[in-house]
Amino acid sequence: MSGILENSPNYKLNKTVLDKFLSLPQPENKVQATYIWIDGTGEGIRAKTRTLDFVPKSVSELPIWNYDGSSTYQSEGSNSDTYLYPVAMYNDPFQRGNNKLIMCDTYKYNHQPTETNHRAACLEAMTKAAAQKPWFGIEQEYTLLDMEGRPFGWPRNGFPGPQGPYYCGVGANKVYARDVVEAHYRACLYAGINISGTNAEVMPSQWEFQVGPCEGIEIGDQPWVARYLLHRVAEEFGVVVTLDPKPMEGDWNGAGAHCNFSTETMREENGIIEIEKAIDKLSKQHIRHIKAYDPKEGKDNERRLTGKHETSTIHDFSAGVANRTASIRIPRGCAEEKKGYLEDRRPASNCDPYSVANVIVRTVCLNE
């Protein structure tokens, strides 16, 4: 295993050297603000840092910035400046102190949203549906890889034993790189992300964290920053994170980003009636949702949604109580209490949470 890790330049660095410099006093009126954004692939995360000469108290105080969009698949080199509009602010667990992480929207030279800026449309939907108080939770599955692109901890010339002992497993022969998971969890809490849990998943080296409940647009902002934190933490360990929905072909589980959703009326007494109405609406918009649930409009997800490995088939809509092979699952507790939420199990692990939340709200709440 050490040989695989040593393929990572980051792993070779002496991490204790950095501590000497991070312990230097930082001027009280200087803040490092790391601007984070989604690149032109709709999946990649980019970031760069600037110095502010004040401690920001709200996003409205933050300056608009720009970057070279031609290097992020978002513009031509002859007209490359692309704008970063700050939309959410979090504590920086790497620099600490007053330093901040800034989630940003991306806009073209003419101040129109870039093609992968799905937040603008999502915010519009959330504003229209605000009175219904839509709540969301995202269950983000991911897989850890070594520098050779193989699941971390897997034998170099073979495969681990069949799935079964790994889900929520404990022990060195069942789970790999828990350090990454625990570090990420604490980083999210420090940052102010509403991370609600984590667990080892069905395939070895596959993990999950949950974000939520979040109301409205925060279900886009927080998972994206949590993904940034995951990549940054794993970088420190020389491990690679992939959100590929089916990183290993064969008899291995894929990776999703199940979306839990409810409105205020669903959470009230006899809310099951509203949940069933929502499922009926969703059943009539299946193709629309599949196209919104991965960056390649279903092409990535079709490798995962096969009807096997705890998934529904991508071609048909289905729903059921406690049914993990259905498109929509009603948790058993919700069915018994006759209120609560529904779980849309179709979104791929590499989905854009803004797109997922947007289409759910437009279908269920706005009847669009």
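Quick look at the values:
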item	result
Subset of the stretch 171-200 that is of a type outside the set (A, V, I, L, M, F, W, C) and surrounded by 22 or more Cβ atoms within 10 Å (Cβ to Cβ) - its residue that is farthest from the chain's Cα centre (by Cα)	Tyr176
Restricting the stretch 106-152 to residues that are open to solvent by 10 Å² or more (accessible area, probe 1.4 Å) and aromatic (Phe, Trp, Tyr), the residue that is farthest from Met203 (Cα to Cα)	Tyr109
Asn10 vs. criteria under 17 Å from Arg232 (Cβ atoms), surrounded by 12 or more Cβ atoms within 10 Å (Cβ to Cβ), among the polar types (S, T, N, Q) and at pLDDT below 95	yes
Neighbours by Cβ (under 7 Å, 6+ apart or cross-chain): first from the stretch 119-143, farther than 30 Å from Trp154 by Cα and part of a strand (DSSP E or B); second open to solvent by less than 50 Å² (accessible area, probe 1.4 Å) and among the β-branched types (Val, Ile, Thr)	Phe136/Ile219; Gly137/Val211
Among (1) part of a strand (DSSP E or B); (2) assigned by the TED database to the domain that holds Thr49; (3) in contact (Cβ under 8 Å) with a residue 60 or more places away in the chain, the one test that Asn98 misses	(1)
Check on Ser75, surrounded by fewer than 17 Cβ atoms within 10 Å (Cβ to Cβ) and outside the structural domain of Val181 (by the TED database)	no
From the options Pro204, Pro223, residue that is farther than 20 Å from Ile36 by Cα, touching a residue at least 24 places away in the same chain (Cβ under 8 Å) and open to solvent by less than 10 Å² (accessible area, probe 1.4 Å)	Pro204
Residues of the stretch 183-207 satisfying the condition of being closer than 27 Å to Arg304 by Cα and in a helix (DSSP H, G or I)	His184, Tyr185
Some residue of the stretch 71-81 being in contact with a strand residue (DSSP E or B) (Cβ under 8 Å, 6 or more places away or on another chain), modelled with pLDDT under 95 and part of a strand (DSSP E or B)	yes
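The values are calculated or read from the model by the stated rules, or taken from the named source; none is laboratory data. Computed from a prediction, not measured in an experiment: that's the story for all the values here. Here the Cβ is made from the backbone with ideal geometry for all residues, glycine too, and neighbour counts use every protein chain on show. Note: accessible area is taken over every heavy atom of the protein model, side chains too, but ligands, DNA and RNA are not part of it. Shrake-Rupley method; radii C 1.70, N 1.55, O 1.52, S 1.80 Å.
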